[in-house]
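Take a look at the structure below.
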Amino acid sequence: MANCNIDFGPMKKRVNVTEPYLPPLEEFIPYLKQIWDSKVLTNCGAFHNQLEEALCEFLGVKHLSLFTNGTIALVTALQSLRVTGEVITTPYSFVATSHSLLWNGIKPVFVDIDPDTLNLDPEKIEAAITPQTTAILPVHCYGHPCDVDAIQSIADNYNLKVIYDAAHAFGVSDEGGSLLRHGDLSVLSFHATKVFNTFEGGAIICPDASTKHRIDQLKNFGFVDETTVDAPGINGKMAEINAAMGLVQLKTFREIIARRKAIDTTYRELLSGVPGIRCLQGAHGKEGNYAYFPILVGADYQLSRDGLYHRLKEVDIHPRRYFYPLISDFPMYRGLPSARHDNLPMAVRAAEQILCLPIYPALELECVKEVAKIIAHP
Ligand SMILES: *Cc1c(COP(=O)(O)O)cnc(C)c1O
């Protein structure tokens with residue numbers, strides 16, 4: 001039976017924007033047993049190393065270092081490349097993107113987004129480069145690929161590093177292979193709300209073994225050997241229980257993406273003719289992950305964006321305004337010259353219009369249809 005609240009009055013169930021996928025508990029128990037038997041709980045144990053290998057193979061990348069979460073991975077990625085001074089980034093993201101810069105004592109410089117992809121607009125980057133600029137930190141927002149070629153060519157011209165916040169981009173590929181191969185480093189999040197989760201977790205995709213080796217040291221307090229510490233590293237290690245969750249999740253990932261794709265297709269069909277509603281572009285024939293279903297609520301829609309948001313909440317459907325407010329509007333950023341709204345018109349407009357609709361593997365298509373029906377006839 002569908003879980004949709006609308007059809008089943010007394011049985012109604014809250015519909016959130018997302019819901020973590022949990023494998024059957026029986027599949028997880030043997031892993032727990034092994035942890036209990038071995039008494040290896042963390043510090044790069046068997047599951048940690050197995051998951052690193054399994055993810056490299058699954059994602060089609062050569063080297064990867066697991067982390068306790070995506071934010072610590074971002075902080076460590078910047079530290080490992082010795083990024084300093086100013087970094088060009090997007091205001092249209094989850095706040096952890098810019099926070100990772102502040103944790104490294106770096107000044108964020110916000111650049112506006114492309115109105116179609118909602119990713120950093122490469123055409124606006126050059127004007128923001130100063131002698132202090134050392135890197136670019138773009139986000140593959142909603143798992144939609146950035147213009148990686150344009151970004152790389154600017155980085156090459158100005159000798160800048162590129163670190164991708166790929167927290168939304170697990171399993172996404174372009175014509176040449178995994179999206180995660182681009183830039184100097186890419187960072188994933190395996191938080192419970194993401195398409196692939198380890199309760200909490202993250203990873204850095206590294207281009208070579210020596211970079212991974214350095215990052216492995218930095219996530220372990222900077223220990224180089226038993227008695228030598230050569231940098232102020234952090235504790236970023238993923239624990240065994242989290243790695244075990246990853247190994248179990250990986251087995252069903254393809255099916256999960258197929259479920260998400262069906263939901264995406266249904267929304268697109270039902271919302272395509274609704275005046276004032278624009279669905280963000282899909283995966284463009286490449287392999288997407290259907291992590292989010294963002295719509296833009298235009299001025300020609302019957303309600304304001306917040307009007308629609310509250311209308312859905314009335315019937316216990318809980319979309320989210322990802323990303324509103326802009327990062328650049330939070331108190332620790334809004335004093336920066338680049339945070340001014342006249343510098344970021346497209347990001348400001350997107351933040352005012354965006355609404356991410358419920359999408360997760362257990363969401364019944366009947367519910368999806370109900371959500372679309374309410375949007376069409378609020
Ligand atoms: C989730 C997320 C992060 C942070 O990852 P955590 O694993 O929650 O620390 C960073 N950037 C973006 C864009 C995210 O969505």
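Things to note:
- Meets criteria (under 20 Å from the mean Cα position of the chain (by Cα) and not basic (K, R)) for Y333: no
- Verdict on T134 being polar (S, T, N, Q) and away from the ligand (no atom under 16 Å from the Cβ): yes
- When Y301 is tested against the conditions (1) touching a residue at least 60 places away in the same chain (Cβ under 8 Å); (2) buried (at least 18 other Cβ atoms within 10 Å of the Cβ); (3) not assigned by TED's automatic domain parsing to the domain that holds I72, the lone failure is (1).
- If you go through region 304-326 and keep only what is touching a residue at least 40 places away in the same chain (Cβ under 8 Å) and closer than 28 Å to R340 by Cα, you end up with R305, G307, L308, Y309, P319, R320, Y322, F323, L326.
- Region 155-184, subset among the hydrophobic types (A, V, I, L, M, F, W, C) and touching a Leu at 6+ places or on another chain (Cβ under 7 Å), residue nearest to the ligand (Cβ to nearest atom): A167
- Of all residues in region 204-214, none are without any contact (Cβ under 8 Å) to a residue 40 or more places away in the chain, among the hydroxyl-bearing types (S, T, Y) and within 16 Å of the ligand (Cβ to nearest atom).
- Some residue of region 194-203 being more than 21 Å from L179 (Cα to Cα), in contact (Cβ under 8 Å) with a residue 60 or more places away in the chain and aliphatic (A, V, I, L, M): no
- A count restricted to region 56-87 and to residues that are within 17 Å of the chain's Cα centre (by Cα) and more than 16 Å from the ligand (Cβ to nearest atom) stands at 1.
- Among the residues of region 49-91, those that are part of a loop (DSSP other than H, G, I, E, B) and more than 28 Å from N159 (Cβ to Cβ) comprise G60, T68, N69.
- The condition of being within 16 Å of the ligand (Cβ to nearest atom), among the acidic types (D, E) and at negative phi holds for only one of E19, E53, that being E19.
- Among (1) within 27 Å of D112 (Cβ to Cβ); (2) in contact (Cβ under 8 Å) with a residue 12 or more places away in the chain; (3) loosely packed, with under 14 Cβ neighbours inside 10 Å, the one test that K373 misses: (1)
The values are calculated or read from the model by the stated rules, or taken from the named source; none is laboratory data. Remember, it's a predicted structure, so these values are computed and weren't measured experimentally. Here the Cβ is made from the backbone with ideal geometry for all residues, glycine too, and neighbour counts use every protein chain on show.
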